Structure formats: C-alpha cells, structure tokens
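As structure tokens, the structure follows; a few thoughts come after it.
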Amino acid sequence: MSGEIFLQTVDVYKRYHAGNSIIPVLEGLDITVFRNEWIAILGASGSGKTTLLNILGALESPDKGNILCDQRSYITMNDREKAQFRLDKIGFVFQAYHMFPELSILENVRLPAMIKKSKSDSKKRAKELLEQVGLGHRISHKPSELSGGEQQRAAIARALINSPDLILADEPTGNLDSHTGEQILDIFKELHSSNEGRTIIMITHDMDVANYADRKIVLKDGRITDDL
Ligand SMILES: Nc1ncnc2c1ncn2[C@@H]1O[C@H](COP(=O)(O)OP(=O)(O)O)[C@@H](O)[C@H]1O
Ligand SMILES: [Mg+2]
C-alpha cells in the first residue's frame, strides 16, 4: 500500500519487571502504518498486543524507541500534551466497553467531547453517531440496560465523538458471540470505507476477525513474524 505515512514505531522496546525476572514484551518493533489503513495486530495471549496498543495510544511509554503519529513525536510530549493529543486524535475501543454505569448512553458518548471542551454541539453529534450505529432508540438508557453488542456499538460512537484520525481497538469483539461480533466489524468496515482518512488499528487473536483488515501484522516473542 502506498500513500501518506501516518504512524511509525521506531525500534520500540518494552520490558516488565516481575520480582527478579524481566519479561521482554516488545523487542525492537518497527511498524509503518499509512493513513486510512486498517491494520489487524494478531498474536497469542501474552504476546504484547495490548502493551503495543497502549504505547501507540500514548498511554504507556516504551523503554526505548519512539512513536511518530501524524507528524508528532511522542518522545517530545509531556503528559499534558499526550492527553490533549489523545483527545484530539485518537478514539479508543476496548474489549470490556468501559461505559460509566451511572451515565446514560448519550452522556457516555458525549464524555470525550466534554472533556475536550469541544465548541461544537456534542449532543447533536452524539445523537447522530448513535443513530449511525443503530442505537438511536437507546440514548437515554443506562449501559446495564444494553446488551454487550449494543454497549460496544455505543463505545464506537464514543470513540468517534471527537472525530479522531486514529481508532485503536483492543479485541473489540472479544466478549461477543460471533454473530454480534460480525455486526461490530461491519461498523468498522463502514468507518473504513467512508474514506474520511481514518486509520484503524485493531488487536485480535482471531484470524477470522483479522481478515476484515487490509493488513495483518503478527506478533510473537516481542517481534513481528509476519506482515501480510
Ligand atoms: N503492568 C505489567 N507488569 C508486568 N507484566 C505485565 C504488565 N502488563 C503486561 N505484562 C506482561 O506482558 C506480557 C504481554 O502482555 P499484553 O500486552 O497484555 O499481551 P496480550 O495483549 O497480547 O495478551 C504478558 O506476559 C503480561 O503478563
Ligand atoms: Mg491484550
């Protein structure tokens, strides 16, 4: 695939210390992602996928190496700048939805816009996004009143509220049955084909899920073993 480079990991290392032992998790990763690509990162449990996603999302720092995203270098940013960068540029979708139980679905979706102090009408946009993911009739409900698949759809709407350039999804279908998972992947497919220049990086351990993406990167023992 050719085009504009959007994201690069440059010689990224990450190790965890557990007691006296060192767990090498990422061992010198060099990944280049183009704008508008949909990438699946595959690997067995414990292969470092979540660690990598957290590093790409500027939630964790590598021990060595750097991340460049949309012409910004993470190594030069302080924590406040990283938080602002995440709000402006990145939408996160997690396996476990992470909805605030006391807030309505609409309020959950609006939350990142309120934290960002967005000037635009976030209520209107949140409603539109919820319509788009098929939840227009559920906006006043609490998360506990929704199924897992519905909560994940709301989580995708929340990830989109600030119009991010990058969507980072960690096993977004991991808690769902295969039919519901397909509905979630169809939403990702629509996002991808809408051609708004959005880049998607999706983690999975499931080859059927990964096959939805343009490109599959396989992690093993901290290194890339395949880039297909
Ligand atoms: N905060 C942490 N402290 C110590 N070890 C960790 C920590 N986070 C992850 N690990 C270890 O790093 C390895 C990779 O974890 P993770 O990135 O969650 O893998 P995956 O998402 O592919 O299952 C695992 O062996 C895990 O136990
Ligand atoms: Mg994980």
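Structure data summary
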read-out: Residues within region 69-92 that are closer than 15 Å to residue 201 by Cα and either outside any helix (DSSP H, G or I) or without any contact (Cβ under 8 Å) to a residue 24 or more places away in the chain (or both), tallied; value: 5
read-out: Hits in region 1-20 - residues which are open to solvent by 10 Å² or more (accessible area, probe 1.4 Å) and of a type in the set (S, T, N, Q); value: 2, 8, 20
read-out: Residue identified as more than 20 Å from the chain's Cα centre (by Cα) and surrounded by 16 or more Cβ atoms within 10 Å (Cβ to Cβ) among 120, 104, 140; value: 104
read-out: From 173, 199, residue being within 16 Å of ligand 2 (Cβ to nearest atom) and among the hydroxyl-bearing types (Ser, Thr, Tyr); value: 173
read-out: Checklist (1) under 15 Å from the mean Cα position of the chain (by Cα); (2) under 27 Å from residue 116 (Cβ atoms); (3) modelled with pLDDT of 90 or more applied to residue 191, failing item; value: (3)
read-out: Test: residue 204 is in contact with a helix residue (DSSP H, G or I) (Cβ under 8 Å, 6 or more places away or on another chain), modelled with pLDDT under 90 and of a type in the set (S, T, N, Q); value: no
read-out: Unmet requirement for residue 196, which otherwise passes all of (1) modelled with pLDDT of 95 or more; (2) within 23 Å of residue 39 (Cβ to Cβ); value: (1)
read-out: Options 23, 41: the member that is under 18 Å from residue 223 (Cα atoms) and open to solvent by 10 Å² or more (accessible area, probe 1.4 Å); value: 23
read-out: Any chance residue 224 is within 16 Å of ligand 1 (Cβ to nearest atom) and either more than 26 Å from residue 106 (Cβ to Cβ) or modelled with pLDDT under 90 (or both); value: yes
read-out: In region 35-55, the residues that are within 13 Å of ligand 2 (Cβ to nearest atom) and among the charged types (D, E, K, R); value: 49
read-out: Residue among 53, 111, 87 that alone is surrounded by 13 or more Cβ atoms within 10 Å (Cβ to Cβ) and over 21 Å from residue 9 (Cα atoms); value: 111
read-out: Single match in 158, 138 (criterion: among the charged types (D, E, K, R) and part of a helix (DSSP H, G or I)); value: 158
read-out: Flag if residue 65 is in a strand (DSSP E or B), more than 12 Å from ligand 1 (Cβ to nearest atom), buried (at least 19 other Cβ atoms within 10 Å of the Cβ) and over 16 Å from the mean Cα position of the chain (by Cα); value: yes
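Condition check ((1) near ligand 1 (Cβ under 10 Å from one of its atoms); (2) under 19 Å from residue 227 (Cβ atoms)) across all residues:
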{"position": "6", "(1), (2)": "no, yes"}
{"position": "14", "(1), (2)": "yes, no"}
{"position": "34", "(1), (2)": "no, yes"}
{"position": "37", "(1), (2)": "no, yes"}
{"position": "55", "(1), (2)": "yes, yes"}
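The values are calculated or read from the model by the stated rules, or taken from the named source; none is laboratory data. Bear in mind that the values here come from a model prediction, so they are computed numbers and not experimental data. A quick note on method: Cβ atoms are made from the backbone with ideal geometry, for glycine too, and the neighbour counts reach across all protein chains shown. Side chains are part of the model used for accessible areas, which takes the heavy atoms of the whole protein and leaves out ligands, DNA and RNA. Shrake-Rupley method; radii C 1.70, N 1.55, O 1.52, S 1.80 Å.
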